[in-house]
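Report on one structure; see the data block that follows.
Every number here is computed from the coordinates shown, using simple stated rules; none is lab data. All of these numbers come straight from a predicted model, not from anything done at the bench. Cβ atoms come from the backbone with ideal geometry, glycine included; neighbour counts cover every protein chain shown.
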Amino acid sequence: MGSDIIFMHAPSVYDFRKKPIFYGPVSDVIPSSPVFEMYPIGFMTISSHLEAAGFRTRVVNIAVQMLQSDRFDAEKRIRSLDADVFAIDLHWLPHAHGALELAKIVKKYHPDAKVEFGGLSSSYFWEELIQRPEVDLVMRGDTTEVPTVRMMEALKKGQKDLSDIPNLVWKDDEGRIHNNGVTYSLESLDDIIFDYGDMIRCVMKNMDIKGALPWYGWEKTPLTSVFTVRGCSVNCAECGGSHYANGKVVCRKAPAYRSPEKLAEDVARINSYLKAPIFIVGDLRQKGMDYADRFLKAVKETGADNHVVIELFNGANTEYLNKVDRAFEGGYSIEFSPDSHDEEVRMALGKGYTNDAIEKTVTAAFQSNCSRMDMFYMNGLPFQTIDSALDSARAAKRLWGLVGKDDGLFIYNAPFAPFVDPGSRAFEDPDKWGYKLYARTLEEHRQRLDNPSWKYVLSYETKWMTRDDVAEVSYDAANILAEAEHSSGRLDEEGLRLRKERTENARSVMHEIDGIMKIADREEREAKLWETKERGTRLANSTICNKNDLDWRTGSIYTNSFRIAKGLIMRK
């Protein structure tokens, strides 16, 4: 039986297996690989609303399946699918190449089906997207569950005029483009259906576990998530999810929160299905301490015993972290992204806390039984010099010195994302933030992704660092960080040697590609690039850090089979 709608996720570049690409360290500090195979959580919530309305849905993660096997034929797979609508996410801009190529393949084999795009990047570049022949629909906004149901109901009825569907951009039968405007934006997330059980049921119905995995390897080290908010109250200059960007891209005037009690129910619901860590997206204090206190009280009362990961948007004291510790029977961890140890850089970005606040937070965390704390620093930020970037890596030694060597403090240093986020203050006013942008349009970003080295993919340089500088600093900082980890007693001599050797091997591949790119003859240049493919692929993960450190090891989803079955029965 076919589906009414299939949610399809693309790799960053299609077909990455047939291209000599050296990805470098661009994904070292996120769960997915450089292919960026992790699909957005909106797949789950939109699918849940559609299923509740009687539609047959399915998630097909083409990117994961391409990683699972070199023999996987993406075109053959897409040809075998059957749906009235193929919904492709362009939420994160690094999918600009792969998403558009998948859309072309869908149209090739399913010319009568509708191809829909959605996500933050789709919402920003909607005018470019809808002009493309392979795109029929663009759904703008960040709370599109109900508009998508209304769109599917109209299409099911054969309705030709879709002008009453909020947030939709569409083409009529004559190819004329219509923009309905972004008029639907929830002020509360309490009516959003957020249930992993719906996804589990869809997977069982379609008998396709591998094709629906959130990212490669998720089944072995699963991580789940719940969302406190859509939108943000913080205004970080480089962030496409900031308060400013949300206003510009999805017309969101203020953050929409899920009530603390509903959020606690979400945690308990996941707990009933899976013994897996739960990442709470968004700082619980963002709406004030009353919100955080209500949630911590409510989640304690559920008795949920999963390990929980919280976010911090600024410093935290022992009093707050003790409350967190008491609320979660399965323990807790922290994600904290100061971005820079240079206070001037951090303050300019919009993160209004000091280094003293960071140090007190680190100390308080492990005094309050925090299991692990991940801290993230970046290179290529506004107002950041080479010395400033390297100082962030050097600061790790002092931070590790504040806690015991067995305390789970993990510090990462990586390049700023390959692109400056569209809609962010830095993207909209690059001169003010010291950026020179090499890509402004969707097509320009798409073309950048099809480069043989991560350095050439970068869409920016700054007044303080060229693209060459950003690349070299990323490797230099990795070595400094490894030395700091070693001197802090957290990395032995052999581990240090291997870490630095891997970093220098990666740097060497990048330099080799630099030389190859100077070859005028296209065929010779391509042949030489292919000679780097195998080495580049080996270095694609954990290029400048140990990416396995990001995993919470709590057992595979298959050890949860009885728990899943029980949870589905209980919530039927």
Practice task
Please list, or write none, the aspartates and glutamates whose alpha carbon is within less than 14 Å of the alpha carbon of Lys518, excluding same-chain residues fewer than 8 places away.
Solution key: Glu526
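Over the range 223-491, what relative contact order in percent results from Cα pairs under 8 Å that are six or more residues apart? Write out the running numbers ahead of the final one.
On the way: 506 pairs, mean separation 46.6, N = 269.
In percent, rounded to a whole number, it is 17.
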Exercise for the section: Rounded to the nearest Å, what's the spacing between the alpha carbon centres of the range 1-76 and the range 498-534? Just the number, please. Expected result: 28
Exercise for the section: Quote the relative contact order of the chain in percent (integer), defining contacts as alpha-carbon pairs under 8 Å separated by 6+ residues. Expected result: 16
Fill in the blank from the handout: Here, trypsin sites (Lys or Arg not before Pro) of the range 1-79 satisfying both criteria (DSSP loop; at most 14 other Cβ within 10 Å) are Arg71
Problem - Of all DSSP beta bridges in the chain, antiparallel share, percent nearest 5 - result: 20
Exercise for the section: Taking the Cα atoms of the chain, report the difference between the largest and smallest coordinate on each principal axis, in whole Å and largest first. Expected result: 68, 67, 46
Completion exercise
Quick numbers on the range 223-491, Rg and Dmax over C-alpha atoms in Å, give 19.4, 53
Handout entry: Simple spin-label estimate for Asn355 and Tyr109 in nanometres, 7 Å along Cα-Cβ
Key = 5.6
Problem - Span per principal axis, largest first, for the Cα atoms of the range 1-139 (Å) - result: 43, 33, 30
Fill in the blank from the handout: Quick note, the range 191-286: a/c under 1.5 would make it rounded; otherwise a/b > b/c is prolate and the rest oblate (a ≥ b ≥ c, C-alpha gyration tensor); here it is prolate
Problem - Farthest positive-ward along the chain dipole, Cα basis, beta-carbon charges - from Ala348, Ala426, Tyr216 - result: Tyr216
Completion exercise
Of the candidates Gly231, Leu321, Ala484, the farthest towards the positive dipole end of the range 223-491 (Lys/Arg Cβ +1, Asp/Glu Cβ -1, centred on the Cα centre) is Gly231
Fill in the blank from the handout: Relative contact order of the range 3-179 (C-alpha contacts under 8 Å, at least 6 apart) in percent is 22
Problem - Positive dipole terminus of the chain, leading residue within Tyr14, Val299, Leu120 (C-beta point charges) - result: Val299
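With respect to the cross-link table entries Lys19/Lys351; Lys275/Lys323; Lys210/Lys262, which display a Cα-Cα separation exceeding 32 Å?
Table pairs above 32 Å Cα-Cα are Lys19/Lys351.
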Handout entry: Net charge dipole size for the range 350-472 [Lys, Arg +1 and Asp, Glu -1 on Cβ; Debye, nearest 20]
Key = 160
Fill in the blank from the handout: Fraction of alpha-carbon pairs in the range 101-253 farther than 27 Å apart, rounded to whole percent, equals 35
Exercise for the section: Filter the cross-link list Lys18/Lys500; Lys114/Lys160; Lys76/Lys157 down to pairs whose alpha-carbon distance in this structure exceeds 23 Å. Expected result: Lys18/Lys500; Lys76/Lys157
Problem - the range 3-179, dipole about Cα centre (Lys/Arg Cβ +1, Asp/Glu Cβ -1), debye to the nearest 20 - result: 460
Exercise for the section: May I ask you to derive the FRET efficiency for Thr385 and Glu329 from their Cβ-Cβ distance with R0 = 51 Å, giving the value to the nearest 0.05? Expected result: 0.65
Exercise for the section: Could you give the size of the charge dipole of the chain about its Cα centre, using +1 on the Cβ of each K and R and -1 on the Cβ of each D and E, expressed in debye and rounded to the nearest 20? Expected result: 1120
Exercise for the section: Going by C-beta contacts inside 10 Å, put Phe7, Phe16 in order with the fewest on the left. Expected result: Phe16, Phe7
